[in-house]
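Here the structure comes first, spelled out in C-alpha cells, and everything after it is commentary.
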Amino acid sequence: AQSVTQLDSHVSVSEGTPVLLRCNYSSSYSPSLFWYVQHPNKGLQLLLKYTSAATLVKGINGFEAEFKKSETSFHLTKPSAHMSDAAEYFCVVSFILTGGGNKLTFGTGTQLKVEL
Amino acid sequence: KAGVTQTPRYLIKTRGQQVTLSCSPISGHRSVSWYQQTPGQGLQFLFEYFSETQRNKGNFPGRFSGRQFSNSRSEMNVSTLELGDSALYLCASSLAGQGFYEQYFGPGTRLTVT
C-alpha cells in the first residue's frame, strides 16, 4: 500500500530564513511523488513532481525537493522564505490503479507560517 | 490555457436534499478526478472519470456519484445529503493515458449542509 507521512503539522519560520517541510513515503514500488500548495480558500497548486528522473527536483517559486530512496523521504526546501509562502503544503504519492488511472494519496498537510 | 473551473464555488443545502457540482477540465485533458477535503479526514479520493466512464472509485457510499460528458466536463452528485458531507469538493484534470501524470486542481466547491 502507498502512503505518505508529513512529520510536522505546523512549521513557523522567519522571513528570509530557510524552509524545510518533511515527508516520508511508503510504497511497494518506485513511486511518483508530488508537493502541492494550498492557499486559503483556494485549490491546490502543483509545486513540483518526482517521477524517477533526477533525484533533486526543482519546482516553482524557488522550492525544491530531494528524493532519497534509502531514507524513503521527499523533503521540501526553500533557501529563503517569503511572506507569500504562508500556506498549507501537501506531500502526495501517486500510484497506478488497476483501472489504468492514477490515484493521489495525500499527506495530512503542513501549515507553514512565515513571520516578519 | 484556462485552468480547471468549478461551479458553483459555494453552496448551502439542507439535510436530505441532493446537490450537483460541475467541473470543466483544462482543454485537452481527458481525465477528471474528484476529491473531498474535510478538516477531520483530509483529502480523500472519490472517483475518476476517463472517456465518459468511471475508471476508478474511492471508498465512499453510493450516495456519491458522477458522470462525464463527451467534452470531458464532469458532474458530481450527492443525494440524501448528511451533515458530514459538508466539505470542500475539489476536481482535478489530467491528460491521462498510461503511467504517472500530474493532476491540476480547480478552486473547489465549498458545500455546507445544514
Inset, instruction - Name the long-range amide H neighbours of residue A:82: under 5 Å, sequence gap of 5 or more, or other chain; modelled H, no Pro or chain starts. - result: A:16
Inset, instruction - Check each of the chymotrypsin sites (Phe, Trp or Tyr not before Pro) in segment B:26-114 and keep only those in coil by DSSP with at most 14 other C-beta atoms within 10 angstrom; list them in order. - result: B:69
Legend entry - Estimated vicinal HN-Hα couplings, Hz - segment A:20-34 in sequence order (Karplus 6.51, -1.76, 1.60; Gly, Pro = x): 9, 10, 9, 9, 10, 10, 9, 8, 7, 8, 4, x, 10, 10, 9
Inset, instruction - Between beta-carbons, use under 13 Å as the cut-off and find the net charge around residue A:41, counting Lys and Arg +1, Asp and Glu -1. - result: +2
Legend entry - GNM flexibility winner over chain A from A:46, A:21, A:33 (Cα, springs under 10 Å): A:46
Inset, instruction - Could I get the Rg over Rh figure for segment B:18-112? Both from C-alpha atoms, Rh via Kirkwood, rounded to two places. - result: 0.94
Inset, instruction - Evaluate the distance, in nm, between pseudo-label points positioned 7 Å from the Cα of residue B:110 and of residue A:10 along their respective Cα→Cβ axes. - result: 2.1 nm
Inset, instruction - List the residues whose amide H sits under 5 Å from the amide H of residue A:95, counting only those 5 or more places along or on another chain, with H placed 1.01 Å from N in the peptide plane. - result: A:103, A:105
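Report the chymotrypsin sites (Phe, Trp or Tyr not before Pro) located in segment A:1-110 that are in a DSSP loop and have at most 14 other Cβ atoms inside 10 Å of their Cβ, or state none. Could the numbers behind the result be given before it?
On the way: sites: A:25, A:29, A:34, A:35, A:36, A:50, A:63, A:67, A:74, A:89, A:90, A:95, A:106; in loops: A:29, A:63.
Filter output for segment A:1-110: A:29.
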Legend entry - Reachable lysines from residue A:78, criterion Cα separation under 22 angstrom, eight or more residues apart if same chain: A:42, A:49, A:58, A:68, A:69, A:113
Inset, instruction - Calculate the spin-label point distance for residue B:57 paired with residue B:27, positioning each point 7 Å from the Cα along the beta-carbon direction, and give it in nanometres. - result: 3.4 nm
Inset, instruction - Give the Debye-formula value of log10 I(q)/I(0) at each listed q (0.14, 0.25, 0.28, 0.29 Å⁻¹), with one equal scatterer per alpha carbon of segment A:43-111, two decimals each. - result: -0.49, -1.34, -1.48, -1.50
Legend entry - Residue-by-residue Karplus 3J(HN,Hα) for segment B:73-83, coefficients 6.51, -1.76, 1.60, Hz, glycine and proline x: 4, 10, 10, 10, 10, 10, 9, 6, 4, 10, 4
Inset, instruction - State, to one decimal in nm, how far the label point of residue B:77 lies from the label point of residue A:42, with both points 7 Å from Cα in the Cβ direction. - result: 3.4 nm
Inset, instruction - Grab the beta carbon distance between residue B:5 and residue A:70, set R0 = 41 Å, and tell me the FRET efficiency rounded to 0.05. - result: 0.45
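Here, each number is a calculation from the coordinates, and none is a lab measurement. For clarity, every value in this text was computed on a predicted model and none was experimentally measured. All Cβ positions, glycine included, derive from the backbone under ideal geometry; neighbour counts span all protein chains shown.
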